[in-house]
1. Could you check, for the stretch 352-359, whether at least one of its residues is under 18 Å from Phe94 (Cβ atoms), at pLDDT 95 or above and outside any loop (DSSP other than H, G, I, E, B)?
2. Which pairs do you get when a residue that is β-branched (Val, Ile, Thr) and within 14 Å of the ligand (Cβ to nearest atom), found in the stretch 63-86, comes within reach of a residue that is open to solvent by 40 Å² or more (accessible area, probe 1.4 Å) and assigned to a helix (DSSP H, G or I), reach meaning Cβ atoms under 6 angstrom, with the pair 6+ apart or on two chains?
3. If a residue must be in a loop (DSSP other than H, G, I, E, B) and open to solvent by 20 Å² or more (accessible area, probe 1.4 Å), how many such residues does the stretch 66-82 contain?
4. Quick test of your reading of the structure: Val4 fulfils all but one of (1) open to solvent by 10 Å² or more (accessible area, probe 1.4 Å); (2) more than 28 Å from Leu217 (Cα to Cα); (3) modelled with pLDDT of 95 or more; (4) out of contact with any Cys (no Cβ under 9 Å at 6 or more places or on another chain). Name the failing condition by number.
5. Please go through the stretch 98-137 and give me each residue that is in a helix (DSSP H, G or I) and more than 21 Å from the chain's Cα centre (by Cα), ordered by number.
6. Only one of Ala231, Ala254, Ala261 is open to solvent by 10 Å² or more (accessible area, probe 1.4 Å), of a type in the set (A, V, I, L, M, F, W, C) and either within 16 Å of the ligand (Cβ to nearest atom) or not in a helix (DSSP H, G or I) (or both). Can you tell me which?
7. Name the residue that is surrounded by the most Cβ atoms within 10 Å (Cβ to Cβ), counting only residues in the stretch 107-133 that are within 15 Å of the ligand (Cβ to nearest atom) and among the β-branched types (Val, Ile, Thr).
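The values are calculated or read from the model by the stated rules, or taken from the named source; none is laboratory data. Keep in mind that what you see is a predicted model, and the values were worked out from it rather than measured. As a convention, Cβ positions derive from the backbone with ideal geometry for all residues, glycine included, and neighbour counts pool all protein chains shown. The area values use the complete protein model at the heavy-atom level, side chains included, leaving out ligands, DNA and RNA. Shrake-Rupley method; radii C 1.70, N 1.55, O 1.52, S 1.80 Å.
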Amino acid sequence: MTKVADQAVPFVDLSAQHQSIAAEIRDAVSRVMESGWFILGPEVEAFERDFARVAGTSHAVGVASGTDALTLSLWALGVSPGDEVITTSLTAAFTALAISRAGARPVFADVEREGLTLSAGSAAEKINPRTKAILPVHLYGNVCDLPALLKVADRAGIPVVEDACQAHGATLGGRPAGSWGTTGCFSFYPTKNLGALGDGGLIATNDEALAGRLRRLRNGGQENRYVHQEAGFNSRLDEMQAALLRAKLPHLYAWNERRRALAALYRALLEKAPLVWVDSLPTAEPACHLMVARAPERDRLREALRDSGVQTLIHYPIPVHLQPAYRDLGQPKGSCPEAERAAGEILSLPLYPELHDSQVERVARAISKFYR
Ligand SMILES: Cc1ncc(COP(=O)(O)O)c(C=O)c1O
């Protein structure tokens with residue numbers, strides 16, 4: 001049998017996680033199957049209650065995806081066609097697609113040079129009377145500078161919608177990501193720190209009336225069965241995914257801890273390499289969703305790693321304002337210079353709780369060899 005350290009290192013390995021909690025997963029599936037209840041029931045309610053504690057809010061509303069969590073938040077906050085929403089250009093394009101889906105226009109501000117999250121200064125420059133919300137992203141599990149962003153939003157009298165899709169369990173100054181803005185939006189896409197076995201999402205909020213409206217909107221706008229108060233969505237977290245997420249949730253903090261330990265190991269082993277790690281703020285406890293560095297000769301390094309069996313990815317190779325879908329927005333190349341520069345330099349290394357120390361050592365050896 002080949003040792004783990006001699007095997008290829010995949011970017012992520014979900015089967016390893018599912019093997020480690022196979023009995024809990026099987027129990028969850030059986031429970032839902034035997035209940036005969038599949039949409040909006042006790043599993044969703046229990047998961048919402050439990051996840052609200054992680055997000056640090058008094059309410060949580062399960063929806064079908066992280067994208068829907070963002071879209072529904074904007075919609076419930078009254079964002080509509082003709083409005084603008086400021087966001088970062090260095091994110092999963094889905095962040096911006098949610099703004100478009102709500103009928104508004106995404107306005108891309110630049111990122112901080114070090115943390116690569118939305119710059120409060122750049123966001124402030126984009127504010128105008130059409131701006132209806134600011135949508136920062138806790139990229140890679142690093143919480144952005146929320147105090148600064150909230151100050152900009154408060155000054156303009158507009159809400160902050162946090163994209164916490166990569167930041168389950170992350171905190172800033174001890175306060176959870178997702179609890180700072182008017183809403184915090186989470187994705188349970190399978191590779192996230194807390195992942196479903198399919199799609200799922202959730203909106204966290206302390207606003208009871210807003211939570212009520214969101215519950216209605218996700219279920220076709222129904223107040224009572226067959227009475228549609230408004231034309232809502234069909235965006236429900238289903239019972240099966242909620243039960244699976246309940247099986248995984250008790251492990252989230254330990255998994256995050258393991259991610260942080262692996263991140264520390266990478267940093268220690270690669271101390272002499274010319275990599276510049278994308279850092280979190282000093283008072284943050286990051287969720288370490290991704291292990292990202294700026295890497296000299298990034299594309300050649302990536303090839304060398306691939307040749308030695310190490311899978312890497314780039315998050316994200318095309319800043320969203322330069323995506324073909326947003327060609328007509330009028331934000332050409334050069335409009336977000338820090339995001340554009342970073343997109344050409346960043347590299348994401350394998351990082352998931354089941355990764356062995358020996359695999360990190362193998363990745364680190366391959367990187368050190370490349371730069372030698
Ligand atoms: C930062 C960010 N925002 C939004 C999304 C969209 O989430 P989902 O895939 O659940 O719709 C994702 C994940 O893909 C993401 O990483």
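1. no
2. Thr67/Phe94; Thr71/Arg101
3. Counting residues in the stretch 66-82 that are in a loop (DSSP other than H, G, I, E, B) and open to solvent by 20 Å² or more (accessible area, probe 1.4 Å) gives 5.
4. Unmet for Val4, out of (1) open to solvent by 10 Å² or more (accessible area, probe 1.4 Å); (2) more than 28 Å from Leu217 (Cα to Cα); (3) modelled with pLDDT of 95 or more; (4) out of contact with any Cys (no Cβ under 9 Å at 6 or more places or on another chain): (3).
5. Hits for the stretch 98-137 are Gly121, Ser122, Ala124, Glu125, Lys126.
6. Selected residue: Ala231, the only one of Ala231, Ala254, Ala261 that is open to solvent by 10 Å² or more (accessible area, probe 1.4 Å), of a type in the set (A, V, I, L, M, F, W, C) and either within 16 Å of the ligand (Cβ to nearest atom) or not in a helix (DSSP H, G or I) (or both).
7. Val111
Each row is one residue, and each column tells you yes or no for (1) part of a helix (DSSP H, G or I); (2) open to solvent by 40 Å² or more (accessible area, probe 1.4 Å); (3) farther than 30 Å from Arg101 by Cβ; (4) free of Cβ contacts under 8 Å to residues at least 60 places away in the same chain.
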{"site": "Thr191", "(1), (2), (3), (4)": "no, yes, no, no"}
{"site": "Leu210", "(1), (2), (3), (4)": "yes, no, no, no"}
{"site": "Ala243", "(1), (2), (3), (4)": "yes, no, no, no"}
{"site": "Leu249", "(1), (2), (3), (4)": "yes, no, no, no"}
{"site": "Glu271", "(1), (2), (3), (4)": "no, yes, yes, yes"}
